[in-house]
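Data first, discussion second: the structure below is written as C-alpha cells.
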Amino acid sequence: MRDYVIRRCLYMVPTLFAISVVAFLVIQLPPGNFLTTYIAQLSAQGQGVDGAQIRALEERYGLNDPVVVQYWKWISGIVTRGDFGQSFQFRRDVSELIWNRIGLTLILALSTLLLSWAIAFPIGVYSAVRQYSVGDYVVTFIGFVGLATPNFMLALLFAWVSFRYFGQSVGGVFSPEYADAAWNLGKLLDAMSNLWVPVVIIATAGTAALVRVLRANLLDELRKPYVTTARAKGLPEWRLILKYPVRMSLSPFISTIGWILPTLIGGEVLVSIVLSLETTGPLLVEALRNQDMYLAGSFILVLGVLTVVGTLLSDLLLAWWDPRIRHQHVERV
C-alpha cells in the first residue's frame, strides 16, 4: 500500500498541472474578456468609458499579454506565493473571496452528507431484506421521484409554501438582525435554524441514489454462499445481515467521501442561487458571467485539486474498510 500511495501522489503532479492549464484555457474560450463585458454593461446603461481608462485597465491587469504569459503569471503566483490574483469585479484578493464563503459551504456540505447517510442506510437495508414487499415498492417509488425531481424545483416549492402558508421568506441563512453581526452563539443558532431547508432539499437526490445503490449491493451479497452457510449454522438473521453483507455493501457510503471536498467549493449552485445562500457556488457563477478570469480560474483549479485529493482519500478509506480492495492493490504492486 505504501508503494501504491507514493505512485498515486506522483500521478497527481501532472494531473494537477493539466487541470491548471485546462482551467485557465476554459476562461479564455469566450470572446472578449472582463473589460469587454464591463463596457457592454455600461453601454446598456447608457454610460460611456474613456479610451484612456480602458487602456490603463488593460495594462494593469495584463489583458494585452499573450495567453501563455498570463497563465505563467497566474500559476507562478499560486505556486510560489499562494497568490491567486485579484478579482476584476470585486477588486479584492481571490483567496479572500473564497475563504469568506467556504465556512457556510462546509457546514452545508457536511450536514447534507450526514443526513443522506442517516436516511439512506436503514431504508436501503430494509428495502433489500424485504425485497418485493409493499414497503420496498413504496421506497423504490419515492427514490425514483427523488432522483427525477430537480433540486432547484424543490427549492422553489419550499420557498412558495413557506411564504404562502407560513408568511416566512426562505432566503439567505441569517435573519436580518444577525446579517451584519459578528459570529456568536446567537448567530450560529440562527444559521442552524435556517439551514435545515437547503440541507433537506440537497439531500433528497443524494439519499435516493444511495438507497438504490445500497439495495443493489446488499441483494448481491445476500445471494452469496457464505450467507447460506451462516444461516445453516444457525446465526440469527439480523446479526448475520449486519455483520457480513451490510459491511461488504457499504462501499458506496465510503466512496461518497471522494466528492465531499469538491462539494465544499462547488456546493449546490442552483439551490444556493434560488435560496440566496452566500456559498461559493453563486460566486463562481458570477465570476463566469463576468469573465472574471482569476476568480473563475482559481475556483475551477481548486475544485479540480479537491476532486483529485478527495478521490485519493476515498480510495485509501475503501482499501482500509474492505480487505479485498487492499489485497488487489498489493497484488498489482
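The values are calculated or read from the model by the stated rules, or taken from the named source; none is laboratory data. Quick caveat, the model's predicted, so the values are computed rather than measured. Glycine also receives a Cβ, built like all others from the backbone with ideal geometry; neighbour counts cover every protein chain displayed. All accessible areas refer to the heavy atoms of the entire protein, side chains included, with ligands and DNA or RNA removed. Shrake-Rupley method; radii C 1.70, N 1.55, O 1.52, S 1.80 Å.
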Scanning the stretch 268-306 for residues that are surrounded by 19 or more Cβ atoms within 10 Å (Cβ to Cβ), among the β-branched types (Val, Ile, Thr) and under 16 Å from the mean Cα position of the chain (by Cα), which turns out farthest from LEU157 (Cα to Cα)? VAL305
Inside the stretch 224-254, can you point out the residues that are buried (at least 16 other Cβ atoms within 10 Å of the Cβ), of a type in the set (Val, Ile, Thr) and free of Cβ contacts under 8 Å to residues at least 40 places away in the same chain? VAL227
Residue match in the stretch 56-78 (condition: of a type in the set (D, E, K, R) and modelled with pLDDT of 80 or more): yes
Has the stretch 204-211 got at least one residue that is at pLDDT 85 or above and either within 30 Å of VAL246 (Cβ to Cβ) or not small (Gly, Ala, Ser) (or both)? yes
Filtering the stretch 234-261 down to residues that are assigned to a helix (DSSP H, G or I) and more than 27 Å from the chain's Cα centre (by Cα), which residue is modelled with the lowest pLDDT? LYS243
Return only the number of the condition from (1) exposed (fewer than 14 other Cβ atoms within 10 Å of the Cβ); (2) outside any loop (DSSP other than H, G, I, E, B); (3) under 34 Å from the mean Cα position of the chain (by Cα); (4) at pLDDT below 75 that ILE39 does not satisfy. (1)
Across (1) touching a helix residue (DSSP H, G or I) at 6+ places or on another chain (Cβ under 6 Å); (2) modelled with pLDDT of 80 or more, GLU286 clears everything bar (1)
Of the residues in the stretch 105-132, those that are open to solvent by 30 Å² or more (accessible area, probe 1.4 Å) and either among the polar types (S, T, N, Q) or within 23 Å of the chain's Cα centre (by Cα) (or both) come to LEU106, ILE107, LEU110, SER111, LEU114, LEU115, TRP117, ALA118, ILE119, PHE121, GLN131
Looking at ALA216, is it part of a helix (DSSP H, G or I) and within 19 Å of THR112 (Cβ to Cβ)? no
Please enumerate the residues belonging to the stretch 114-141 that are closer than 13 Å to LEU214 by Cβ and of a type in the set (Phe, Trp, Tyr). TRP117, PHE121, TYR126
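Results for (1) of a type in the set (Gly, Ala, Ser); (2) assigned to a helix (DSSP H, G or I), shown as yes or no for each residue.
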residue	(1), (2)
ALA56	yes, yes
ASN64	no, no
VAL79	no, yes
PHE88	no, no
LEU108	no, yes
SER111	yes, yes
ALA118	yes, yes
LEU147	no, yes
Select from the stretch 180-199 the residues that are under 20 Å from LEU154 (Cα atoms) and out of contact with any Phe, Trp or Tyr (no Cβ under 8 Å at 6 or more places or on another chain) and write down the one among them that is surrounded by the most Cβ atoms within 10 Å (Cβ to Cβ). PRO198
Could you list, in sequence order, the residues of the stretch 146-163 that are touching a residue at least 40 places away in the same chain (Cβ under 8 Å) and open to solvent by 40 Å² or more (accessible area, probe 1.4 Å)? LEU147, PRO150, PHE152, LEU156, PHE158
